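The block underneath contains the structure these notes are about, expressed in structure tokens.
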Amino acid sequence: MIKIGLTGGIGSGKSLVSQYFKELGAYIFDADFEAKKILDTNATTQYEIIAEFGTDILNAENKIDKKKLAKIAFQDEDHQSRLNTLIHPYVFDEIDSQFEKIANDNIHKVFVLDAALIYESGANTHMDYIVVVSSHLKLRVSRVMERGGLSRDEFMKRMKLQWTEEDKIHMADFIILNNASEEDLKKNTLEVFNQIF
């Protein structure tokens, strides 16, 4: 089974491409979703994160408040690195476990790891191909602002903590451009999918 790493900056359209890959028959492992699930359900992870960042990240029910954690974790490279060091090993274990299960089920021909930090985490070294979704910065900002949830400053701060688009593109096997309509994006995704197969 082919392993594809799918990545792209905030607002690039990575989630849409992931959806299109799913429609084309790929199994999608959403690393961000899995990380949040681990954060919610894994007591060891919760304990380690509270020990690292303190009780300021807790809500009234003494549970980790993801917004408070994000505010601390995304303030600089050091804080983000400390959070990733705690979470990534559990996410990698889950990737391995799911990959084995999906490979044994023999239903899907391709396993897609959808992750913003493919390169930053080193996950790219475990993939057969890396696909980067790329989009003009002004379009990315516009999409993120429309979605809500992040201010422009928060967006810029998070963007600076990720590899640059140029670096990602330079190391990618395939690039999917998202500077026009969703229809174009779907067509570009299909073209890349067909090149891989």
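Every read-out reported here was derived from the displayed coordinates using simple, explicitly stated rules and does not represent laboratory data. This is a predicted model, so every value here is computed, not measured. Because the Cβ atoms are built from the backbone with ideal geometry, glycine has one as well, and the counts that use them run over all protein chains shown.
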Counting only DSSP beta bridges with both residues in the chain, what percent are antiparallel, rounded to the nearest 5?
-> 5 percent
Relative contact order, percent, segment 61-197 [alpha-carbon distance under 8 Å, six or more residues apart] | 25 percent
Work the Kirkwood hydrodynamic radius out for segment 130-197: mean of 1/r over every pair of different alpha-carbon atoms, inverted, in Å.
-> 13.3 Å
Identify the GluC sites (Glu not before Pro) of segment 5-109 meeting these criteria: DSSP loop state and at most 12 other C-beta atoms within 10 Å of the C-beta.
-> 61
Alpha-carbon Debye profile of segment 2-191, log10 I(q)/I(0) at 0.09, 0.12 Å⁻¹ = -0.35, -0.62
Taking alpha-carbon centroids only, segment 177-195 lies from segment 108-124 a number of Å equal to 19 Å
Spelling it out for residue 130: with amide H atoms placed in the peptide plane at 1.01 Å from N, the residues 5 or more places away or on another chain with amide H under 5 Å from its amide H are 5, 173, 174
Neighbour-count ranking for 142, 135, 181 (other C-beta within 10 angstrom, fewest to most) reads 181, 142, 135
Going by how many other beta carbons lie within 10 Å of each one, how would you line up 147, 158, 82, fewest first?
-> 147, 82, 158
Order of 173, 167 from fewest to most other C-beta atoms within 10 Å?
-> 167, 173
Measuring from label point to label point, each 7 Å out along Cα→Cβ, what is the residue 55 to residue 37 span in nm?
-> 3.2 nm
